[in-house]
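The block underneath contains the structure these notes are about, expressed in C-alpha cells.
The values are calculated or read from the model by the stated rules, or taken from the named source; none is laboratory data. Predicted model, so just to flag it, every value in this text is computed and none were measured. All Cβ positions, glycine included, derive from the backbone under ideal geometry; neighbour counts span all protein chains shown. Surface areas here come from the heavy atoms of the whole protein model, side chains and all, with no ligands, DNA or RNA. Shrake-Rupley method; radii C 1.70, N 1.55, O 1.52, S 1.80 Å.
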Amino acid sequence: MLRSSSRSGDGGPSAAPAAPRPRAGRGGLLPAGRSLPDQTRSDQGERSEPQGTSRRPHSVYAGLLDVLAPLDFAHGREGSMDTRRLLRLWNDAHRYMKKERAGELRWAGSISRNTWRNIGSSTFLREYAWVVYAAGIRNDILDQYWPRLRRAFGGFRLTRIAKMRSTAPVIKVFRNEQKASHVLQGAALIQAEGFKTFKARVARDWKQELEGLPGIGPITKFHLARNVGLADTGKPDLWVSRITKLAHASDWQTMLQYLSKRSRLPPKAVDVVLFRYGADRAWRDGGYRTFQDYFRHL
C-alpha cells in the first residue's frame, strides 16, 4: 500500500477538505480562489518526509548521490523496452532529485528491514494514515493539512484512535468521511488483534494481509509496504505506470529492476525518483506541454 472492499486507497475521487489558509512552501502559495477538487488528482500517492519527524539516512546511502555517475546509453533496447529513452529520462530525473529533493531520496534509501523490525504502533499508524490520505490527493495539498490531521488523530497513538467513536474531529480538518473512517476502522482492528500479533501476521504475507486494512488496495499496499520497511519495492502509481507504458516495458517491476541495476539504487529509491520528477512537472522545464511529448523527444 488486510483491507475492506472499498478501494478508495487506490486513487478514487475524494471529497473536498475544508480549505485552510494558504501557506508558502516549495511550490509557493496556493492560488487564491482555486477549489480543492480542481487540485486533487489520482497521479499522487507518494509521500515526502513526514513533517514533525526526522529521518536519519542509512550510512550506505548517505553519500551515494554524490558518487553515482550518469548512466550511459550503450543499450537502445532490452527486449521490447526502449532503454535509450528510459535512461535519458532517468538521468534528467536523477539530476533533478539531487538538486531539489536529495533529502527525500536519502530518506527512501534509509528504509530497510530494520525499519519494520523496530516499528511501533504509532509509526505504523502514521504511515498507514498517510497512504490512505495520499491516494488521489496531491502531495503538496496533503502536506498543508498533515500537522492538523496528526493532532486530530491523537498523534497516531493506537489506544487513542481506537477509542474514537466519531470522525467529527478529523472531518473538521479534512472533509473526507471515507478516509477518516478507514483510519479509525483500521486502528480498531489492530487494537483488537494486538499490534504484535498483527505485525507478525503481516510480516508472513504482506501482499495479502495489508489489503485487509480499510483503505489499502492492490496499488497502495506497495506504497505502505515500502514506507514501513516490509519490502524494497516501488508502486504502480500513475507516473510509474505511464513511464512503463511509454518505455514499452513488460511491467512496472521489470522497469524498476532494470533502472535499479543500472543506477545502483534500490527499487524503492528508483520509484521515488521517477514519481517525484513526474509529479513535480520538472520535465516541463524543456518547454514540453505533455509528458508524452517530453519522452518522445528524449
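Among the residues of the stretch 289-298, count how many are open to solvent by 60 Å² or more (accessible area, probe 1.4 Å) and either among the basic types (Lys, Arg) or within 22 Å of Arg101 (Cα to Cα) (or both).
Result for the stretch 289-298: 2.
Among Tyr277, Tyr258, which is over 20 Å from the mean Cα position of the chain (by Cα) and assigned to a helix (DSSP H, G or I)?
After ruling out the rest, the residue left standing is Tyr258.
Condition test on Tyr133, is it modelled with pLDDT of 95 or more and crowded, with 20+ Cβ neighbours inside 10 Å?
It is true that Tyr133 is modelled with pLDDT of 95 or more and crowded, with 20+ Cβ neighbours inside 10 Å.
Filter the stretch 99-130 down to residues that are under 21 Å from Arg281 (Cα atoms) and either touching a strand residue (DSSP E or B) at 6+ places or on another chain (Cβ under 6 Å) or among the small types (Gly, Ala, Ser) (or both) and give me whichever is least open to solvent (accessible area, probe 1.4 Å).
Ala108
Filter the stretch 210-253 for residues that are open to solvent by less than 30 Å² (accessible area, probe 1.4 Å) and aromatic (Phe, Trp, Tyr); which is nearest to the chain's Cα centre (by Cα)?
Phe222
Taking into account only those residues within the stretch 185-209 that are of a type in the set (Lys, Arg) and surrounded by 11 or more Cβ atoms within 10 Å (Cβ to Cβ), which is farthest from Trp116 (Cα to Cα)?
Lys207
For the stretch 136-165: of the residues being outside any helix (DSSP H, G or I) and modelled with pLDDT under 95, which is farthest from Ala279 (Cα to Cα)?
Arg165
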